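Here's the structure we're looking at; comments come further down.
The values are calculated or read from the model by the stated rules, or taken from the named source; none is laboratory data. This one's a predicted model, so the numbers in the text were calculated from it and none came from an experiment. Cβ placement follows ideal geometry from the backbone for every residue including glycine, while neighbour counts extend to all protein chains displayed. Quick note on the areas: whole protein, heavy atoms, side chains included, nothing else; ligands and nucleic acids left out. Shrake-Rupley method; radii C 1.70, N 1.55, O 1.52, S 1.80 Å.
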Amino acid sequence: MAQRPAAEEALARLLPDGGEPPAAAVKAVQPQLSAAMDARAALEAIAAGCLRQLHANRCGLLAHGYDAEFVHQMRVALRRLRSNLRLFLSVAPGSDLPAALTDGVRALAAALGEARDLDVFGEAVLPRLLDDDPAAFAPLVARAQAAREQAHANVRQACAAPAYGELVRRLQHWLRQPQSVPLDRRLSELAPGLLESRWRRLLERGRGLRHQGPHRRHRTRICAKRMRYAADAFAPIYAEEATGPFLKALAKLQDELGLLNDLATAPRLVDRLGADTQTVARTAAWCERRTGEALARLRAGWKRCKAAEPFWR
């Protein structure tokens, strides 16, 4: 029997026993961590979970056809992977992800991001624009649908390409090398400092959040997202009753910031789709009206988040 290529072997190990592609999108699962474990082993476990989530959703998409939730969960997996690599590498002297792997991850993330942006616009924003003014926004439907179909085709192509399997194999290989992330400290020693650093960065970035412009608010959203990924990753070594309220408040804040980001980017997306100036202006006006409502909820969410007790202290 012919031996399977190394990339195929690496992919086969990422699916559960039986290797059947999932029929529904697969969400992140917290890794099995302990406070006493080596920090480098912890990173390998966290990254392995991200790759399993990525690959399961990729297989589901290729087996069952395009589904926006498969793409969303692939994107979440890549973001969790990149965020936690950045977190651990920040305290690993002289360690960095090789440029070829960084470029490969970035290219896959770009294809997924384009599809996800168009999915959100097509499913959450465009129907509301049509409800508001059917005649004015009807010409936009065909443009948005054509762009979505092309983005979906690009995602399928990226997932089916040999480069995908090679990227995953090389990521797995890099993670297993002790010299890749030279950390020999216990996770319990490292986690509090890393979490505190991300928390302080979020608090600093979030000052005057309700009055921030879209660009600065987008940077705050990225900080909140990275804080949540770090908190999710380290949560297994803390008591659930301590982590629950903090993670819940952070998730709610991230949702509110995500909505505001969707409203801020919608006019630019409509412009990119080639809509006329009047349609872009009407989109911007519609988004501006809903931004005021979202900012009111954001203020309450930010207060709840700041009031939550940091569980690592």
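Here are the numbers for the structure shown:
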{"read-out": "Phi-based couplings in Hz for the stretch 65-70 (Karplus 6.51, -1.76, 1.60; Gly and Pro marked x)", "value": "x, 5, 9, 4, 6, 4"}
{"read-out": "Rounded accessible area of His64 (nearest 10 Å², 1.4 Å probe)", "value": "100"}
{"read-out": "222 nm mean residue ellipticity, helices alone, for the chain (DSSP H n ≥ 4; -39,500 (n - 2.57); rounded to 500)", "value": "-25500 deg cm²/dmol"}
{"read-out": "Rounded Å value of the spacing that divides the Cα centres of the stretch 111-162 and the stretch 230-281", "value": "19"}
{"read-out": "Residue among Ala107, Ala142, Leu203 farthest towards the positive dipole end of the stretch 88-240, charges placed on Cβ", "value": "Leu203"}
{"read-out": "Anchor Lys303: aspartates and glutamates whose Cα lies under 15 Å away (excluding residues fewer than 8 positions away in-chain)", "value": "Glu204, Asp255, Glu256"}
{"read-out": "Projected label distance in nm at Asp103 and Glu189, using a 7 Å step from Cα toward the beta-carbon", "value": "3.8"}
{"read-out": "Potential lengthening between Ala307 and Ser34 on full extension [0.36 nm per residue; Cα-Cα distance subtracted]", "value": "95.5 nm"}
{"read-out": "Binned Cα-Cα distances of the stretch 35-89, short to long, each 10 Å bin given as a whole percent", "value": "25, 43, 22, 9, 0"}
{"read-out": "Residues with amide H under 5 Å from that of Leu15, placed H, sequence gap 5 or more", "value": "none"}
{"read-out": "Low-density loop cleavage sites - trypsin sites (Lys or Arg not before Pro) in the stretch 119-213, where at most 15 other Cβ are within 10 Å (DSSP)", "value": "Arg185, Arg207"}
